[in-house]
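*Asks:* Structure incoming, see below.
The values are calculated or read from the model by the stated rules, or taken from the named source; none is laboratory data. Note that the structure is a prediction, hence the values are computed from the model and not measured. Quick reminder, even Gly has a Cβ in these numbers, built from the backbone with ideal geometry, and neighbours come from all protein chains shown. Protein only, heavy atoms only, side chains kept; ligands, DNA and RNA dropped before computing areas. Shrake-Rupley method; radii C 1.70, N 1.55, O 1.52, S 1.80 Å.
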Amino acid sequence: MSSVPIAYLAVVLIWSTTPLTIAWSSESVDPVMAGWVRMLIASLLGLGLLRLLRIPLPLHREAQTTYACASLGVFGAMCCTYIASRYVPSGLISIMFGLAPILSAILGQWILKEPALRAYRWIACTLAFAGLGVIFTNELALGGDSLPGLLLLFLAVLLFSLSAVLVKRTGTQTHPLAHTVGALLWSLPGFGLTWWLLGGEPLVIDPDSRSFWAILYLAVFGSLVGFVSYFHVLRHLPPSTVALVTLITPIFALLLGHLLNDEPLTASLWQGCLLVVAGLALFFWGHRLPLRRPA
């Protein structure tokens, strides 16, 4: 069996389970500390893999710039997500991050001077954000104290999208594993400083808790296997096929959050999710619609 289908399946499964395991990892551990430990373990494992596979880790100025831009997504986006996970359902995290390609395209116009979005893509943006509006008005699913989490989650997606655009602007060609490890190493001081500034609780290791195993899962699979599989898939499949992942994972994440974490699954939450997925589908494949052209 080819390695590409296996890698594609790995990306779908890992991205579907990541929001729930982020929520679990901060149940009995300070959320910022949970993120810091995850990135530390992933960094050490990544350095070991680089040495084992004899892949160099470039340290020149251009590579460091790329790592710094990538760490904006690793540290900035993940730190906000970990804190937000205490306020919002895990399924909503996946829905929000599904908007990253749309925000990246909008930011790309300003930063990379890419061509303006066509009309169908603006309609897709309207559909997706309308879906978020439906979700945000659902008090049963979110609860009255969810506003800080929603704001942090939106900031996380914005930083994640901005990071992708800035990395693209650098144009540095680095091995995917080296790129991942460099970004992880750059993120560690940010997590540590944020934890200290917020007066975070010290780390308590309890192998019997879900937090302990969730952190290990995220370090090994969420931070290493997931990224390497994603880059492998991106190298061998067309972008439109890879984009299917962002349509599949929100639905799986909602179901997992409901089944394994007792998160509410209301009709309006489903409606909002389907609007977001419809917006993403139109954004990626709207150019294939059989629209009539004027004579």
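*Asks:* Let me have the relative contact order for the chain, percent, based on Cα pairs under 8 Å that are six or more residues apart.
*Replies:* 41
*Asks:* Ordering 246, 126 by accessible area with a probe of 1.4 Å, largest first, what comes out?
*Replies:* Ranking 246, 126 by accessible area, largest first, yields 126, 246.
*Asks:* Here's something else I'd like to know. When the solvent-accessible surface of protein heavy atoms is calculated with a 1.4 angstrom probe, in what order do 8, 230 fall, highest first?
*Replies:* Ranking 8, 230 by accessible area, largest first, yields 230, 8.
*Asks:* Here is a follow-up. On average, how much accessible surface per residue is there in the chain, in Å², for a 1.4 Å probe, leaving out ligands, DNA and RNA?
*Replies:* I get 50 Å² per residue for the chain.
*Asks:* In terms of the Cα gyration tensor, with a ≥ b ≥ c the square roots of its eigenvalues, is region 116-226 rounded because a/c is under 1.5, prolate because a/b exceeds b/c, or oblate?
*Replies:* It is oblate, given that a/c is not under 1.5 and a/b is not larger than b/c.
*Asks:* On to the next question. Under 12 Å from a label point 7 Å along Cα→Cβ of residue 155: give me every residue in region 59-90 with its amide N that close.
*Replies:* 76-84
*Asks:* Run the quick spin-label model on residue 109 and residue 210: label points 7 Å from Cα toward the beta carbon, then report their separation in nm to one decimal.
*Replies:* Placing both labels 7 Å beyond Cα along the Cβ direction yields 4.1 nm.
*Asks:* If I take all pairs of Cα atoms in region 81-157, what percentage of them are more than 21 Å from each other?
*Replies:* 34
*Asks:* Sticking with this one: How many angstrom lie between the C-alpha centres of region 157-190 and region 205-228?
*Replies:* 21
*Asks:* Go ahead and set up a Gaussian network model of the chain, Cα springs under 10 Å, then flag whichever of 215, 55, 102 fluctuates most.
*Replies:* Largest GNM mean-square fluctuation: 55.
*Asks:* If packing is taken as the average number of other Cβ atoms within 10 Å across a peptide's residues, how do 127-135, 27-35 rank, most packed first?
*Replies:* Taking the mean over residues of other Cβ atoms within 10 Å, the ranking is 27-35, 127-135.
*Asks:* Quick one: among 203, 280, 218, which has the greatest mean-square fluctuation in a GNM of the chain with alpha-carbon springs under 10 angstrom?
*Replies:* Checking each option, the largest mean-square fluctuation is seen for 203.
*Asks:* Can you tell me the FRET efficiency between residue 49 and residue 265 if r is taken as the Cβ-Cβ distance and R0 is 41 Å, rounded to the nearest 0.05?
*Replies:* Step by step, r from the Cβ atoms, then E = 0.60.
*Asks:* Given the whole protein assembly as supplied and a 1.4 Å probe, what does the accessible area of residue 114 come to in Å², nearest 10?
*Replies:* We get 60 Å² for residue 114.
*Asks:* If DNA, RNA and ligands are ignored and the probe is 1.4 Å, what is the ranking of 120, 217 by accessible area, most exposed first?
*Replies:* The residues order as 217, 120, largest area first.
*Asks:* Ignoring everything except DSSP H segments at least 4 long, calculate the 222 nm mean residue ellipticity for the chain; use -39,500 (n - 2.57) per segment, divide by total residues, nearest 500.
*Replies:* Helices in the chain give a 222 nm mean residue ellipticity of -23000 deg cm²/dmol.
*Asks:* By how many nm would the segment from residue 248 to residue 4 grow when fully extended, if each residue of separation counts as 0.36 nm and the alpha-carbon distance is taken off?
*Replies:* 86.1 nm
*Asks:* Could you tally the net charge around residue 62, taking each other residue with its Cβ under 15 Å from the Cβ of residue 62, Lys/Arg +1 and Asp/Glu -1?
*Replies:* That works out to +3.
*Asks:* Using mean Cβ contacts within 10 Å as the protection proxy, how do 104-111, 156-163, 71-78 order, highest first?
*Replies:* Taking the mean over residues of other Cβ atoms within 10 Å, the ranking is 71-78, 156-163, 104-111.
*Asks:* For region 261-278 and region 17-85, write down the distance between their C-alpha centroids in whole Å.
*Replies:* The two parts, judged by their Cα centres, are 29 Å apart.
*Asks:* Extent of the chain along each principal axis, from alpha carbon coordinates, in Å, largest to smallest?
*Replies:* Rounded to whole Å, the extents work out to 65, 46, 42 Å.
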